[in-house]
Amino acid sequence: MQTKPYFIRAEWDEEAAVWVATSDDVPGLATEADTMESLIAKLRALIPELLEANGQGAAETVPFELLTRRFETIHRSAA
């Protein structure tokens, strides 16, 4: 049975130079990594563990949707 994907937010923390992921759908989820690939690898392990720890079952497949956001500032030089 396909379930609705768990929604995960990831934002770039400029000061710490890491991606920070949190979720209202996965209680206790708060993790960080320096690359998006590393963050996704962490999420693949953490999400099922946290869901099981919170009594939300141990489904064979656990879909998740990752929304990323990163703000940048460009300083234009005087022409």
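The values are calculated or read from the model by the stated rules, or taken from the named source; none is laboratory data. Keep in mind it's a predicted model, so treat the numbers as computed, not measured. Every residue, glycine as well, gets a Cβ built from its backbone with ideal geometry; the counts of neighbours run over all protein chains shown.
Counting only residues that are under 14 Å from Val62 (Cα atoms) and in contact with a helix residue (DSSP H, G or I) (Cβ under 9 Å, 6 or more places away or on another chain), which one in segment 1-24 is modelled with the highest pLDDT?
Applying the filter and picking the extreme gives Ile8.
Quick one: which of Phe71, Phe7, Phe64 is among the aromatic types (Phe, Trp, Tyr) and touching a Pro at 6+ places or on another chain (Cβ under 9 Å)?
Phe64
Within segment 49-79, work out how many residues are surrounded by 10 or more Cβ atoms within 10 Å (Cβ to Cβ) and either more than 19 Å from Lys4 (Cβ to Cβ) or basic (Lys, Arg) (or both).
Counting residues in segment 49-79 that are surrounded by 10 or more Cβ atoms within 10 Å (Cβ to Cβ) and either more than 19 Å from Lys4 (Cβ to Cβ) or basic (Lys, Arg) (or both) gives 4.
Residues in segment 25-48: is at least one among the hydrophobic types (A, V, I, L, M, F, W, C), touching a residue at least 40 places away in the same chain (Cβ under 8 Å) and either surrounded by 10 or more Cβ atoms within 10 Å (Cβ to Cβ) or not in a strand (DSSP E or B) (or both)?
Yes, segment 25-48 contains a residue that is among the hydrophobic types (A, V, I, L, M, F, W, C), touching a residue at least 40 places away in the same chain (Cβ under 8 Å) and either surrounded by 10 or more Cβ atoms within 10 Å (Cβ to Cβ) or not in a strand (DSSP E or B) (or both).
Which numbered condition trips up Tyr6, out of (1) buried (at least 17 other Cβ atoms within 10 Å of the Cβ); (2) touching a strand residue (DSSP E or B) at 6+ places or on another chain (Cβ under 6 Å); (3) without any contact (Cβ under 8 Å) to a residue 40 or more places away in the chain?
If we test Tyr6 against (1) buried (at least 17 other Cβ atoms within 10 Å of the Cβ); (2) touching a strand residue (DSSP E or B) at 6+ places or on another chain (Cβ under 6 Å); (3) without any contact (Cβ under 8 Å) to a residue 40 or more places away in the chain, just (3) comes out false.
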